[in-house]
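For reference, the structure is listed below as structure tokens.
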Amino acid sequence: MSEKKMTSSRRHHLKSLVLSIAFSLMDAEAKQLVANKEAHMNEHCPALDLPGSMQDLQELCKKLNQQIDQVDEERYDLESKVAKSNKEIEDLKIKVVDLQGKFKKPALKKVRMSADAMLQALLGSKHKVSMDLRANLKQVKKEVKEEVGCRFRNASCLCLAVLPSS
């Protein structure tokens with residue numbers, strides 16, 4: 001099976017064809033979207049006829065306010081249904097996790113990392129922290145244990161006296 005490589009001019013020509021087809025499809029889709037939007041607006045929002053008298057304007061305002069209230073009620077009802085559904089979904093997820101059994105912790109790998117590298121990983125690279133943990137340790141004086149014999153020269157009776165080092 002001999003595969004011939006495509007020449008750069010052929011590749012460029014095919015790429016330009018694909019781009020031109022995609023551009024024409026995007027234009028057609030944009031025009032269709034505008035037409036759909038206009039049709040929807042004409043269907044759901046008829047042209048507003050403003051009456052000339054004040055009483056007619058007040059009636060129009062009352063009618064519009066009633067429509068707004070109705071839409072707000074529907075929106076509130078739908079939001080409450082969505083919130084209830086989301087809560088049910090979360091409860092079901094919790095039940096599924098409970099039914100599957102206890103969560104098994106993954107086996108962790110031992111990683112050798114210095115304290116500086118660990119702090120840098122936790123705090124990010126923008127924080128430059130250098131910490132010498134050994135400098136913060138307390139200095140402890142070593143105590144010297146000496147064996148002191150009892151007046152009983154028995155081998156089982158050796159008393160240990162703790163004497164501070166000087």
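The values are calculated or read from the model by the stated rules, or taken from the named source; none is laboratory data. What you see is a predicted model, and the numbers here were worked out from it, not measured in a lab. No Cβ is skipped: glycine too gets one built from the backbone with ideal geometry, and neighbour counts run over all protein chains shown. Remember, those area values only see protein heavy atoms, side chains included, never the ligands or the DNA or RNA. Shrake-Rupley method; radii C 1.70, N 1.55, O 1.52, S 1.80 Å.
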- Message: Testing I89 on (1) under 30 Å from C45 (Cβ atoms); (2) modelled with pLDDT of 90 or more; (3) not aromatic (F, W, Y), one condition comes back false. Which one is that?
- Response: (1)
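Would you confirm whether any residue within the range 59-79 is modelled with pLDDT under 70 and open to solvent by 100 Å² or more (accessible area, probe 1.4 Å)?
Step one: list which residues in the range 59-79 are modelled with pLDDT under 70, which gives none.
There is no residue in the range 59-79 that is modelled with pLDDT under 70 and open to solvent by 100 Å² or more (accessible area, probe 1.4 Å).
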- Do the conditions hold for L33, that is, is it open to solvent by less than 80 Å² (accessible area, probe 1.4 Å) and assigned to a helix (DSSP H, G or I)? no
- Message: Consider the range 92-132. How many of its residues are over 25 Å from the mean Cα position of the chain (by Cα), at pLDDT 75 or above and open to solvent by 100 Å² or more (accessible area, probe 1.4 Å)?
- Response: 4
